[in-house]
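Novice: Mind having a look at this structure? Questions to follow.
The values are calculated or read from the model by the stated rules, or taken from the named source; none is laboratory data. Given the structure is predicted, the values throughout are model-derived calculations rather than measurements. Quick reminder, even Gly has a Cβ in these numbers, built from the backbone with ideal geometry, and neighbours come from all protein chains shown. SASA here: full protein model, heavy atoms, side chains in, ligands and nucleic acids out. Shrake-Rupley method; radii C 1.70, N 1.55, O 1.52, S 1.80 Å.
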Amino acid sequence: MNETATTSPRQGHLVSTTAMLIAAGVFIVIAGVLYYVGLSQGRKELATQKVHYEQQIEQGNQTLGAAKADLAKVQNRNHLMRARVDLYRTAVDLDQRNFGIANTRLHEAAEALGHIQKDAGGIDLSRVATLKDSIESNDFTVAADLESQRANVLDFAAQLDAIAADAELDAK
């Protein structure tokens, strides 16, 4: 019998299956390595972005804090100016003998001074509180001679002007 070197079809199939399994294993290992490398690079990029955004948030918070401080200063200056207007309008109302309106405006001036916030704009709060108390304790009565009442209101206005001027000097 003549033996010839023939390979069985089964053995060729086995070699091709083994080669495919080895190739699939190598592919899975390479895919795993590439996945890990991509994941680690993505995390590094994410960490870099996180630091960048945290810095931006901190800068935004600082800007917000400065804006709030500026807003408080402007609001305090607004309350001073509102009180000033109310005091001068009180003097005009007294000249026109509108005692009820003058009393209302006088108390509105005291209320405006009461809205001034602490530590904003260089305003001397003790002087403001003293002036507010003086204004609140003052009421107008119907009188023939309005000069003393009018002088009192103008004195309040002068005190308020001095407080506002000192606050402007402190702000510069």
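Novice: Do you know which residues across the range 104-129 are under 31 Å from the mean Cα position of the chain (by Cα) and not in a loop (DSSP other than H, G, I, E, B)?
Specialist: E108, A109, A110, E111, A112, L113, G114, L125, S126, R127, V128, A129
Novice: For residues that are farther than 12 Å from N138 by Cα and open to solvent by less than 70 Å² (accessible area, probe 1.4 Å), tally how many sit in the range 94-104.
Specialist: 4
Novice: The conditions are (1) within 21 Å of D70 (Cβ to Cβ); (2) at pLDDT 90 or above; (3) of a type in the set (K, R), and R89 fails exactly one of them. Which is it?
Specialist: Against the list (1) within 21 Å of D70 (Cβ to Cβ); (2) at pLDDT 90 or above; (3) of a type in the set (K, R), R89 comes up short only on (1).
Novice: Test R77 against the stated conditions and say whether it is in contact (Cβ under 8 Å) with a residue 40 or more places away in the chain and either within 38 Å of the chain's Cα centre (by Cα) or open to solvent by 80 Å² or more (accessible area, probe 1.4 Å) (or both).
Specialist: When the stated conditions are applied, R77 passes them.
Novice: From the list G122, G114, which residue is open to solvent by less than 50 Å² (accessible area, probe 1.4 Å) and touching an Asp or Glu at 6+ places or on another chain (Cβ under 6 Å)? Can you show your working first?
Specialist: Details: G114 fails: touching an Asp or Glu at 6+ places or on another chain (Cβ under 6 Å).
Result: G122 is the single residue among G122, G114 that is open to solvent by less than 50 Å² (accessible area, probe 1.4 Å) and touching an Asp or Glu at 6+ places or on another chain (Cβ under 6 Å).
Novice: Another question, if that's okay. Residue check: is N138 more than 25 Å from E168 (Cα to Cα) and modelled with pLDDT of 90 or more?
Specialist: In short, no.
Novice: Related question: Write out, first by first residue and then by second, each pair whose Cβ atoms fall under 8 Å of each other, whose residues are 6+ apart or on separate chains, and whose first residue, in the range 126-151, is open to solvent by less than 90 Å² (accessible area, probe 1.4 Å) while the second is among the small types (G, A, S) and not in a helix (DSSP H, G or I).
Specialist: Once the first residue is open to solvent by less than 90 Å² (accessible area, probe 1.4 Å) and sits in the range 126-151, its partners that are among the small types (G, A, S) and not in a helix (DSSP H, G or I) give Q149/A143.
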